[in-house]
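**Q** Structure incoming, see below.
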Amino acid sequence: MGKWTVLKQRIQEAWLYNNGYKEMPKHQTRFIEQLRKRETPIRVAFFPLNVSMWKYQGIYDLLKADSRFQVYIVLSPGITYKREQRLRDLAQMREYFGARGMEYIDWALENDEPPADIRHTLNPDIVFYTQPYHGSYHSRHFFLNFTDKLIIYSPYFYIMGPYRDNYDNVLQNVAWKCYYVNEYHLNDAQKITHNKGVNAVAVGYTSADDYHQNQYKEVWKNAAGQRKRLIWAPHWTLANDGTAGSHSNFLMMADSMVSLAKRHVNDLQIAFKPHPGLLSALYIHPEWGKAKADSYYDLWRTMPNTQLVDGPFINLFQGSDAMVHDSGSFVIDYLYFNHPVMYISKDIEHRKTFVNEPGKHAFDAHYIGRTIDDVEWFVNDVVLAGADTMQATRQAFRQQYLSQPGGKSTAQNMYDDIVRSLNI
(Lines give C-alpha, C1' and ligand atoms only; values in the text may rest on other atoms or scores of the structure.)
Protein backbone atom coordinates (compact mmCIF):
# COMPACT_ATOMS: atom_id res chain seq x y z
CA MET A 1 0.00 0.00 0.00
CA GLY A 2 1.53 3.32 -1.10
CA LYS A 3 2.18 6.23 1.25
CA TRP A 4 -0.34 8.39 -0.61
CA THR A 5 -3.04 5.75 -0.23
CA VAL A 6 -2.36 5.48 3.49
CA LEU A 7 -2.42 9.25 3.89
CA LYS A 8 -5.73 9.55 2.06
CA GLN A 9 -7.18 6.81 4.24
CA ARG A 10 -6.02 8.52 7.41
CA ILE A 11 -7.53 11.84 6.34
CA GLN A 12 -10.82 10.21 5.43
CA GLU A 13 -10.89 8.23 8.67
CA ALA A 14 -10.18 11.34 10.74
CA TRP A 15 -13.08 13.18 9.14
CA LEU A 16 -15.46 10.24 9.60
CA TYR A 17 -14.40 9.75 13.21
CA ASN A 18 -14.90 13.38 14.20
CA ASN A 19 -17.81 14.47 12.01
CA GLY A 20 -18.86 12.13 9.22
CA TYR A 21 -20.39 9.43 11.40
CA LYS A 22 -23.24 11.80 12.27
CA GLU A 23 -24.48 11.68 8.67
CA MET A 24 -24.28 7.91 8.29
CA PRO A 25 -27.80 6.99 9.54
CA LYS A 26 -29.38 9.33 6.94
CA HIS A 27 -27.21 7.96 4.13
CA GLN A 28 -28.03 4.40 5.17
CA THR A 29 -31.77 5.10 5.26
CA ARG A 30 -31.68 6.54 1.73
CA PHE A 31 -29.64 3.59 0.47
CA ILE A 32 -32.09 1.09 1.99
CA GLU A 33 -34.93 2.88 0.18
CA GLN A 34 -33.03 2.36 -3.08
CA LEU A 35 -32.54 -1.33 -2.30
CA ARG A 36 -36.26 -1.81 -1.73
CA LYS A 37 -37.04 -0.44 -5.18
CA ARG A 38 -34.47 -2.65 -6.88
CA GLU A 39 -35.55 -5.90 -8.48
CA THR A 40 -32.12 -7.58 -8.34
CA PRO A 41 -30.92 -9.43 -5.22
CA ILE A 42 -29.02 -7.61 -2.49
CA ARG A 43 -25.30 -8.41 -2.80
CA VAL A 44 -23.55 -9.36 0.45
CA ALA A 45 -19.77 -9.77 0.78
CA PHE A 46 -17.82 -11.37 3.62
CA PHE A 47 -14.06 -10.66 3.92
CA PRO A 48 -12.56 -13.54 5.94
CA LEU A 49 -9.00 -12.94 7.14
CA ASN A 50 -8.24 -16.57 8.01
CA VAL A 51 -10.02 -19.76 8.96
CA SER A 52 -9.62 -19.30 12.72
CA MET A 53 -11.54 -16.00 12.59
CA TRP A 54 -14.33 -17.33 10.35
CA LYS A 55 -17.30 -17.46 12.74
CA TYR A 56 -20.06 -16.60 10.27
CA GLN A 57 -21.09 -19.85 8.64
CA GLY A 58 -24.57 -19.68 10.16
CA ILE A 59 -25.46 -16.21 8.89
CA TYR A 60 -23.84 -17.02 5.53
CA ASP A 61 -26.07 -20.09 5.18
CA LEU A 62 -29.25 -18.21 6.10
CA LEU A 63 -28.57 -15.39 3.66
CA LYS A 64 -27.50 -17.85 0.95
CA ALA A 65 -30.81 -19.71 1.30
CA ASP A 66 -32.80 -16.49 0.84
CA SER A 67 -33.31 -15.62 -2.84
CA ARG A 68 -33.40 -11.93 -1.97
CA PHE A 69 -29.64 -12.06 -1.34
CA GLN A 70 -26.56 -13.01 -3.32
CA VAL A 71 -23.72 -13.90 -0.97
CA TYR A 72 -20.00 -13.81 -1.73
CA ILE A 73 -16.83 -14.87 0.08
CA VAL A 74 -13.85 -12.61 -0.65
CA LEU A 75 -10.58 -14.11 0.58
CA SER A 76 -8.64 -11.37 2.37
CA PRO A 77 -5.59 -12.60 4.34
CA GLY A 78 -4.55 -9.88 6.78
CA ILE A 79 -1.94 -7.48 5.44
CA THR A 80 -0.34 -6.97 8.87
CA TYR A 81 1.05 -10.51 8.78
CA LYS A 82 4.24 -11.63 7.10
CA ARG A 83 3.98 -12.98 3.55
CA GLU A 84 4.59 -16.59 4.65
CA GLN A 85 1.70 -16.49 7.07
CA ARG A 86 -0.61 -14.74 4.63
CA LEU A 87 0.06 -17.46 2.04
CA ARG A 88 -0.61 -20.11 4.67
CA ASP A 89 -3.87 -18.42 5.68
CA LEU A 90 -4.88 -18.12 2.03
CA ALA A 91 -4.23 -21.81 1.38
CA GLN A 92 -6.23 -22.83 4.46
CA MET A 93 -9.18 -20.66 3.41
CA ARG A 94 -9.17 -22.12 -0.09
CA GLU A 95 -9.22 -25.62 1.39
CA TYR A 96 -11.87 -24.78 4.01
CA PHE A 97 -14.37 -23.06 1.73
CA GLY A 98 -13.66 -25.36 -1.19
CA ALA A 99 -14.33 -28.47 0.91
CA ARG A 100 -17.75 -27.03 1.77
CA GLY A 101 -18.62 -26.22 -1.82
CA MET A 102 -18.60 -22.49 -1.08
CA GLU A 103 -17.55 -20.38 -4.05
CA TYR A 104 -15.10 -17.62 -3.24
CA ILE A 105 -13.33 -14.72 -4.90
CA ASP A 106 -9.65 -15.63 -4.79
CA TRP A 107 -6.49 -13.57 -4.49
CA ALA A 108 -3.39 -14.56 -6.51
CA LEU A 109 -1.15 -13.46 -3.68
CA GLU A 110 1.55 -16.01 -4.55
CA ASN A 111 2.00 -14.14 -7.85
CA ASP A 112 2.23 -10.80 -6.00
CA GLU A 113 -0.97 -9.64 -7.65
CA PRO A 114 -3.31 -7.22 -5.88
CA PRO A 115 -6.76 -8.51 -4.93
CA ALA A 116 -9.70 -8.00 -7.25
CA ASP A 117 -11.20 -4.52 -7.12
CA ILE A 118 -14.40 -5.64 -5.42
CA ARG A 119 -15.93 -2.19 -5.46
CA HIS A 120 -15.93 -2.14 -9.26
CA THR A 121 -16.44 -5.83 -10.03
CA LEU A 122 -18.86 -7.06 -7.37
CA ASN A 123 -20.04 -3.70 -5.98
CA PRO A 124 -21.64 -5.24 -2.85
CA ASP A 125 -24.55 -3.62 -1.04
CA ILE A 126 -23.73 -5.10 2.38
CA VAL A 127 -20.21 -5.85 3.61
CA PHE A 128 -19.31 -7.94 6.69
CA TYR A 129 -16.14 -7.27 8.68
CA THR A 130 -14.62 -9.17 11.61
CA GLN A 131 -11.89 -6.64 12.48
CA PRO A 132 -12.40 -2.87 12.97
CA TYR A 133 -8.74 -1.88 12.92
CA HIS A 134 -6.93 0.27 10.38
CA GLY A 135 -4.55 -1.80 8.28
CA SER A 136 -6.17 -5.21 8.79
CA TYR A 137 -7.41 -5.35 5.19
CA HIS A 138 -5.96 -4.47 1.80
CA SER A 139 -7.02 -1.02 0.61
CA ARG A 140 -9.33 -2.60 -2.01
CA HIS A 141 -11.14 -4.54 0.72
CA PHE A 142 -11.09 -1.75 3.30
CA PHE A 143 -14.38 -0.42 4.63
CA LEU A 144 -13.60 3.11 3.38
CA ASN A 145 -14.55 1.86 -0.09
CA PHE A 146 -18.08 1.10 1.11
CA THR A 147 -19.17 3.95 3.37
CA ASP A 148 -22.03 4.66 0.94
CA LYS A 149 -23.21 1.06 1.39
CA LEU A 150 -24.28 -0.91 4.48
CA ILE A 151 -21.37 -1.98 6.69
CA ILE A 152 -21.80 -4.72 9.29
CA TYR A 153 -19.24 -5.32 12.02
CA SER A 154 -19.40 -8.53 14.02
CA PRO A 155 -16.31 -9.24 16.14
CA TYR A 156 -14.88 -12.75 15.90
CA PHE A 157 -14.09 -12.71 19.63
CA TYR A 158 -15.99 -12.09 22.85
CA ILE A 159 -15.13 -8.51 23.82
CA MET A 160 -14.05 -8.37 27.45
CA GLY A 161 -12.33 -4.98 27.58
CA PRO A 162 -14.57 -1.89 28.00
CA TYR A 163 -12.16 0.51 26.31
CA ARG A 164 -12.06 2.52 23.11
CA ASP A 165 -9.90 0.20 21.03
CA ASN A 166 -12.65 -2.43 21.23
CA TYR A 167 -15.61 -0.15 20.52
CA ASP A 168 -14.68 3.27 19.15
CA ASN A 169 -12.78 2.66 15.93
CA VAL A 170 -13.93 4.52 12.83
CA LEU A 171 -15.59 1.45 11.33
CA GLN A 172 -17.73 0.91 14.41
CA ASN A 173 -18.98 4.50 14.30
CA VAL A 174 -19.93 4.48 10.63
CA ALA A 175 -21.25 0.90 10.40
CA TRP A 176 -24.91 0.24 9.74
CA LYS A 177 -24.88 -2.55 12.34
CA CYS A 178 -22.47 -3.56 15.10
CA TYR A 179 -23.49 -6.99 16.29
CA TYR A 180 -22.43 -7.63 19.88
CA VAL A 181 -23.12 -10.42 22.33
CA ASN A 182 -25.34 -9.07 25.11
CA GLU A 183 -26.48 -6.09 27.15
CA TYR A 184 -23.06 -5.68 28.76
CA HIS A 185 -21.60 -4.91 25.34
CA LEU A 186 -24.46 -2.60 24.40
CA ASN A 187 -23.92 -0.61 27.60
CA ASP A 188 -20.20 -0.33 26.90
CA ALA A 189 -20.83 0.78 23.30
CA GLN A 190 -23.29 3.45 24.45
CA LYS A 191 -20.77 4.82 26.94
CA ILE A 192 -17.63 4.66 24.80
CA THR A 193 -18.40 5.27 21.14
CA HIS A 194 -18.73 8.64 19.45
CA ASN A 195 -22.13 7.64 18.06
CA LYS A 196 -23.35 6.45 21.49
CA GLY A 197 -23.92 2.91 20.22
CA VAL A 198 -26.92 3.80 18.04
CA ASN A 199 -25.98 0.98 15.66
CA ALA A 200 -25.29 -1.65 18.35
CA VAL A 201 -27.49 -4.75 18.51
CA ALA A 202 -27.23 -7.73 20.89
CA VAL A 203 -27.49 -11.00 18.95
CA GLY A 204 -25.35 -13.45 20.92
CA TYR A 205 -21.79 -14.67 20.44
CA THR A 206 -20.72 -15.54 16.89
CA SER A 207 -18.86 -18.68 18.01
CA ALA A 208 -21.77 -20.02 20.07
CA ASP A 209 -23.63 -21.47 17.09
CA ASP A 210 -20.63 -23.53 16.00
CA TYR A 211 -19.98 -24.70 19.54
CA HIS A 212 -23.58 -25.79 20.08
CA GLN A 213 -24.19 -27.37 16.68
CA ASN A 214 -20.83 -28.90 15.84
CA GLN A 215 -20.76 -32.55 14.76
CA TYR A 216 -17.52 -33.80 16.25
CA LYS A 217 -14.78 -34.99 13.91
CA GLU A 218 -11.62 -36.50 15.37
CA VAL A 219 -8.63 -34.19 14.95
CA TRP A 220 -6.40 -35.44 17.75
CA LYS A 221 -3.42 -37.64 17.01
CA ASN A 222 -3.13 -40.92 18.92
CA ALA A 223 -6.93 -41.09 18.95
CA ALA A 224 -7.01 -44.65 20.24
CA GLY A 225 -4.35 -44.08 22.91
CA GLN A 226 -4.70 -43.35 26.62
CA ARG A 227 -2.99 -39.98 26.73
CA LYS A 228 -4.88 -37.04 28.18
CA ARG A 229 -5.32 -34.22 25.66
CA LEU A 230 -3.99 -30.78 26.59
CA ILE A 231 -4.10 -27.62 24.46
CA TRP A 232 -1.46 -24.91 24.83
CA ALA A 233 -2.70 -21.69 23.22
CA PRO A 234 -0.28 -18.75 23.56
CA HIS A 235 -1.15 -15.21 22.48
CA TRP A 236 1.02 -13.24 20.05
CA THR A 237 1.73 -10.06 22.06
CA LEU A 238 5.29 -10.91 23.01
CA ALA A 239 6.05 -7.67 24.84
CA ASN A 240 3.71 -8.49 27.75
CA ASP A 241 4.19 -4.95 29.00
CA GLY A 242 1.18 -4.84 31.31
CA THR A 243 -1.11 -3.04 28.88
CA ALA A 244 -4.58 -4.29 27.99
CA GLY A 245 -3.59 -5.76 24.64
CA SER A 246 -0.27 -7.31 25.60
CA HIS A 247 -0.41 -10.43 27.73
CA SER A 248 1.54 -13.25 26.07
CA ASN A 249 3.80 -15.46 28.17
CA PHE A 250 5.19 -17.34 25.18
CA LEU A 251 8.83 -16.27 25.62
CA MET A 252 8.77 -17.41 29.24
CA MET A 253 7.07 -20.73 28.43
CA ALA A 254 8.40 -21.79 25.02
CA ASP A 255 11.28 -24.03 26.12
CA SER A 256 9.55 -25.24 29.27
CA MET A 257 6.48 -26.44 27.37
CA VAL A 258 8.69 -28.51 25.08
CA SER A 259 10.37 -30.03 28.14
CA LEU A 260 6.98 -30.72 29.70
CA ALA A 261 5.86 -32.53 26.55
CA LYS A 262 8.99 -34.68 26.58
CA ARG A 263 8.53 -35.59 30.26
CA HIS A 264 4.93 -36.62 29.65
CA VAL A 265 5.41 -38.49 26.39
CA ASN A 266 3.42 -41.50 27.64
CA ASP A 267 0.49 -39.82 29.37
CA LEU A 268 -0.07 -36.46 27.61
CA GLN A 269 -0.89 -35.41 24.06
CA ILE A 270 -0.30 -31.65 23.67
CA ALA A 271 -1.73 -29.55 20.86
CA PHE A 272 0.17 -26.32 20.22
CA LYS A 273 -2.53 -23.84 19.14
CA PRO A 274 -0.78 -20.47 18.68
CA HIS A 275 -2.60 -17.24 17.93
CA PRO A 276 -2.59 -16.60 14.14
CA GLY A 277 -0.33 -13.59 14.70
CA LEU A 278 2.36 -15.34 16.76
CA LEU A 279 4.44 -16.64 13.88
CA SER A 280 4.73 -13.20 12.26
CA ALA A 281 5.61 -11.70 15.66
CA LEU A 282 8.38 -14.28 16.13
CA TYR A 283 9.76 -13.65 12.64
CA ILE A 284 10.62 -10.08 13.59
CA HIS A 285 11.63 -10.71 17.21
CA PRO A 286 15.38 -10.00 17.70
CA GLU A 287 15.95 -13.25 19.62
CA TRP A 288 13.95 -15.45 17.27
CA GLY A 289 13.63 -14.73 13.55
CA LYS A 290 12.20 -16.87 10.76
CA ALA A 291 14.55 -19.87 10.97
CA LYS A 292 14.15 -20.35 14.72
CA ALA A 293 10.39 -19.79 14.63
CA ASP A 294 9.87 -22.25 11.76
CA SER A 295 12.04 -24.82 13.53
CA TYR A 296 10.05 -24.40 16.74
CA TYR A 297 6.72 -24.86 14.97
CA ASP A 298 8.10 -27.93 13.18
CA LEU A 299 9.13 -29.40 16.54
CA TRP A 300 5.55 -29.29 17.76
CA ARG A 301 4.43 -30.76 14.47
CA THR A 302 6.75 -33.77 14.78
CA MET A 303 7.28 -34.74 18.44
CA PRO A 304 5.64 -38.12 19.20
CA ASN A 305 3.03 -36.72 21.58
CA THR A 306 2.44 -33.26 20.13
CA GLN A 307 0.72 -31.60 17.18
CA LEU A 308 0.51 -28.14 15.65
CA VAL A 309 -2.95 -26.68 15.03
CA ASP A 310 -3.09 -23.40 13.11
CA GLY A 311 -6.54 -23.67 11.57
CA PRO A 312 -10.07 -24.49 12.81
CA PHE A 313 -10.20 -25.41 16.48
CA ILE A 314 -13.79 -26.34 17.42
CA ASN A 315 -13.14 -30.08 17.17
CA LEU A 316 -9.84 -29.57 18.94
CA PHE A 317 -11.63 -27.94 21.87
CA GLN A 318 -14.45 -30.44 21.93
CA GLY A 319 -12.13 -33.45 21.97
CA SER A 320 -9.70 -32.06 24.54
CA ASP A 321 -9.40 -32.67 28.27
CA ALA A 322 -7.92 -29.31 29.32
CA MET A 323 -6.21 -26.15 28.12
CA VAL A 324 -3.43 -23.79 29.21
CA HIS A 325 -3.49 -20.36 27.56
CA ASP A 326 -3.14 -16.59 27.77
CA SER A 327 -5.35 -15.80 24.78
CA GLY A 328 -7.99 -13.11 25.22
CA SER A 329 -10.72 -14.68 23.10
CA PHE A 330 -10.27 -18.18 24.53
CA VAL A 331 -11.02 -16.92 28.06
CA ILE A 332 -14.68 -17.10 27.06
CA ASP A 333 -14.59 -19.62 24.22
CA TYR A 334 -13.20 -22.59 26.10
CA LEU A 335 -15.74 -22.23 28.91
CA TYR A 336 -18.44 -23.41 26.48
CA PHE A 337 -16.96 -26.91 26.81
CA ASN A 338 -16.62 -26.99 30.62
CA HIS A 339 -13.17 -28.59 30.56
CA PRO A 340 -10.58 -27.51 33.16
CA VAL A 341 -8.53 -24.54 31.97
CA MET A 342 -5.58 -22.57 33.31
CA TYR A 343 -4.90 -18.94 32.39
CA ILE A 344 -1.27 -17.79 32.60
CA SER A 345 -0.75 -14.35 34.12
CA LYS A 346 1.91 -12.90 36.37
CA ASP A 347 -0.67 -10.51 37.85
CA ILE A 348 -4.24 -11.64 37.27
CA GLU A 349 -5.72 -8.84 39.39
CA HIS A 350 -4.04 -6.29 37.15
CA ARG A 351 -5.26 -8.19 34.09
CA LYS A 352 -8.82 -8.12 35.41
CA THR A 353 -8.77 -4.32 35.61
CA PHE A 354 -8.98 -4.27 31.80
CA VAL A 355 -12.13 -6.37 31.46
CA ASN A 356 -15.89 -6.02 31.96
CA GLU A 357 -18.06 -7.95 34.42
CA PRO A 358 -18.39 -11.11 32.28
CA GLY A 359 -14.62 -11.05 31.76
CA LYS A 360 -13.88 -10.85 35.48
CA HIS A 361 -16.15 -13.82 36.19
CA ALA A 362 -14.64 -15.74 33.28
CA PHE A 363 -11.18 -15.37 34.80
CA ASP A 364 -12.64 -16.52 38.12
CA ALA A 365 -13.69 -19.74 36.37
CA HIS A 366 -10.03 -20.45 35.45
CA TYR A 367 -7.17 -21.93 37.38
CA ILE A 368 -4.50 -19.22 37.40
CA GLY A 369 -0.82 -19.94 36.76
CA ARG A 370 2.15 -17.61 37.15
CA THR A 371 5.04 -19.98 36.37
CA ILE A 372 5.79 -23.22 34.56
CA ASP A 373 5.67 -24.95 37.98
CA ASP A 374 2.00 -23.95 38.20
CA VAL A 375 1.44 -25.51 34.79
CA GLU A 376 3.14 -28.70 35.95
CA TRP A 377 0.84 -28.80 39.00
CA PHE A 378 -2.21 -28.26 36.77
CA VAL A 379 -1.12 -31.10 34.48
CA ASN A 380 -0.39 -33.56 37.29
CA ASP A 381 -3.19 -32.81 39.75
CA VAL A 382 -6.05 -31.55 37.60
CA VAL A 383 -5.55 -33.05 34.14
CA LEU A 384 -3.95 -36.41 34.92
CA ALA A 385 -5.26 -37.06 38.45
CA GLY A 386 -8.70 -35.56 37.75
CA ALA A 387 -8.84 -33.31 40.83
CA ASP A 388 -10.92 -30.66 39.07
CA THR A 389 -12.50 -28.42 41.72
CA MET A 390 -13.87 -25.73 39.39
CA GLN A 391 -16.41 -27.61 37.29
CA ALA A 392 -19.41 -26.10 39.09
CA THR A 393 -17.95 -22.59 38.76
CA ARG A 394 -17.56 -23.01 35.01
CA GLN A 395 -21.09 -24.34 34.66
CA ALA A 396 -22.52 -21.41 36.62
CA PHE A 397 -20.68 -18.98 34.35
CA ARG A 398 -22.17 -20.61 31.26
CA GLN A 399 -25.68 -20.35 32.63
CA GLN A 400 -25.33 -16.69 33.63
CA TYR A 401 -23.33 -15.16 30.79
CA LEU A 402 -23.51 -17.39 27.71
CA SER A 403 -27.26 -17.67 27.12
CA GLN A 404 -28.55 -16.60 23.71
CA PRO A 405 -30.80 -13.51 23.29
CA GLY A 406 -34.36 -14.64 22.61
CA GLY A 407 -33.33 -18.28 22.85
CA LYS A 408 -32.34 -18.22 19.14
CA SER A 409 -29.05 -18.89 17.45
CA THR A 410 -26.74 -15.93 16.88
CA ALA A 411 -27.08 -16.37 13.14
CA GLN A 412 -30.88 -16.32 13.34
CA ASN A 413 -30.82 -13.17 15.46
CA MET A 414 -28.53 -11.49 12.91
CA TYR A 415 -30.65 -12.60 9.98
CA ASP A 416 -33.89 -11.48 11.61
CA ASP A 417 -32.43 -8.06 12.39
CA ILE A 418 -31.07 -7.59 8.86
CA VAL A 419 -34.37 -8.51 7.20
CA ARG A 420 -36.39 -6.44 9.66
CA SER A 421 -34.13 -3.41 9.26
CA LEU A 422 -34.21 -3.64 5.46
CA ASN A 423 -38.00 -4.00 5.65
CA ILE A 424 -38.03 -6.41 2.74
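The values are calculated or read from the model by the stated rules, or taken from the named source; none is laboratory data. Owing to the predicted nature of the structure, the values given are computational and were not obtained by experimental measurement. Cβ: placed from backbone, ideal geometry, glycine included. Neighbour counts: every protein chain shown. The accessibility values were calculated without ligands, DNA or RNA, using every heavy atom of the protein model including side chains. Shrake-Rupley method; radii C 1.70, N 1.55, O 1.52, S 1.80 Å.
**Q** Testing GLU110 on (1) part of a helix (DSSP H, G or I); (2) more than 22 Å from PHE146 (Cβ to Cβ); (3) open to solvent by less than 50 Å² (accessible area, probe 1.4 Å); (4) not aliphatic (A, V, I, L, M), one condition comes back false. Which one is that?
**A** Looking at each condition in turn, GLU110 falls short on (3).
**Q** In the list TYR21, TYR60, which residue meets the criterion of being surrounded by 14 or more Cβ atoms within 10 Å (Cβ to Cβ), modelled with pLDDT of 95 or more, hydroxyl-bearing (Ser, Thr, Tyr) and farther than 30 Å from ASP294 by Cα? I'd like the intermediate steps shown before the answer.
**A** On the way: TYR21 fails: modelled with pLDDT of 95 or more.
Selected residue: TYR60, the only one of TYR21, TYR60 that is surrounded by 14 or more Cβ atoms within 10 Å (Cβ to Cβ), modelled with pLDDT of 95 or more, hydroxyl-bearing (Ser, Thr, Tyr) and farther than 30 Å from ASP294 by Cα.
**Q** Would you please name the residue that is surrounded by the fewest Cβ atoms within 10 Å (Cβ to Cβ), looking only at residues in the range 168-210 that are over 19 Å from TYR336 (Cα atoms) and polar (S, T, N, Q)?
**A** GLN190
**Q** Which one is surrounded by the fewest Cβ atoms within 10 Å (Cβ to Cβ), of the residues in the range 85-103 that are outside any loop (DSSP other than H, G, I, E, B) and over 20 Å from the mean Cα position of the chain (by Cα)? Spell out the reasoning first.
**A** So the first thing to find is which residues in the range 85-103 are outside any loop (DSSP other than H, G, I, E, B), and the list is 85-99.
Applying the additional criterion that residues be over 20 Å from the mean Cα position of the chain (by Cα) yields 98-99.
Working: GLY98: 11, ALA99: 8.
Per the criteria, the residue is ALA99.
**Q** Search the range 41-65 for residues being part of a loop (DSSP other than H, G, I, E, B) and either aliphatic (A, V, I, L, M) or without any contact (Cβ under 8 Å) to a residue 24 or more places away in the chain (or both), and hand back the single one that is farthest from TYR137 (Cα to Cα). Let's see the steps before the verdict.
**A** First, the residues of the range 41-65 that are part of a loop (DSSP other than H, G, I, E, B): 41, 47-56, 65.
With either aliphatic (A, V, I, L, M) or without any contact (Cβ under 8 Å) to a residue 24 or more places away in the chain (or both) added as a condition, the list becomes 49, 51, 53, 65.
Numbers: LEU49: 8, VAL51: 15, MET53: 14, ALA65: 28 Å.
Ranking the qualifying residues of the range 41-65, first place goes to ALA65.
**Q** Does the range 253-283 hold any residues that are over 22 Å from SER52 (Cα atoms), part of a loop (DSSP other than H, G, I, E, B) and touching a residue at least 40 places away in the same chain (Cβ under 8 Å), and which are they?
**A** HIS264, VAL265, ASP267
**Q** Next question, about the same structure. Among the residues that make up the range 346-361, is at least one of them modelled with pLDDT of 95 or more and either open to solvent by less than 50 Å² (accessible area, probe 1.4 Å) or not in a helix (DSSP H, G or I) (or both)?
**A** No, the range 346-361 contains no residue that is modelled with pLDDT of 95 or more and either open to solvent by less than 50 Å² (accessible area, probe 1.4 Å) or not in a helix (DSSP H, G or I) (or both).
**Q** Checking the condition free of Cβ contacts under 8 Å to residues at least 12 places away in the same chain, more than 30 Å from ILE151 (Cα to Cα) and surrounded by 14 or more Cβ atoms within 10 Å (Cβ to Cβ), which residue from TRP288, TRP220, TRP300 passes? Lay out the reasoning, then the answer.
**A** Working: TRP220 fails: free of Cβ contacts under 8 Å to residues at least 12 places away in the same chain; TRP300 fails: free of Cβ contacts under 8 Å to residues at least 12 places away in the same chain.
Testing whether each residue is free of Cβ contacts under 8 Å to residues at least 12 places away in the same chain, more than 30 Å from ILE151 (Cα to Cα) and surrounded by 14 or more Cβ atoms within 10 Å (Cβ to Cβ) leaves just TRP288.
**Q** Among (1) open to solvent by less than 20 Å² (accessible area, probe 1.4 Å); (2) farther than 22 Å from ALA200 by Cβ; (3) in a loop (DSSP other than H, G, I, E, B), there is one condition GLY161 misses while meeting the rest; what is its number?
**A** Tallying (1) open to solvent by less than 20 Å² (accessible area, probe 1.4 Å); (2) farther than 22 Å from ALA200 by Cβ; (3) in a loop (DSSP other than H, G, I, E, B), GLY161 fails exactly one: (2).
**Q** For the range 223-244, name all the residues that are assigned to a strand (DSSP E or B) and surrounded by fewer than 16 Cβ atoms within 10 Å (Cβ to Cβ). Step through it out loud before you land on a result.
**A** Step one: filter the range 223-244 for residues assigned to a strand (DSSP E or B), giving 228-233.
Within the range 223-244, no residue meets the criteria.
**Q** Name every residue in the range 379-414 that is among the hydroxyl-bearing types (Ser, Thr, Tyr), in a helix (DSSP H, G or I) and open to solvent by 40 Å² or more (accessible area, probe 1.4 Å), in order of residue number. Step through it out loud before you land on a result.
**A** Of all residues in the range 379-414, those among the hydroxyl-bearing types (Ser, Thr, Tyr) come to 389, 393, 401, 403, 409-410.
Keeping just the survivors that are in a helix (DSSP H, G or I) gives 393, 401, 410.
Answer for the range 379-414, where residues must be among the hydroxyl-bearing types (Ser, Thr, Tyr), in a helix (DSSP H, G or I) and open to solvent by 40 Å² or more (accessible area, probe 1.4 Å): just THR393.
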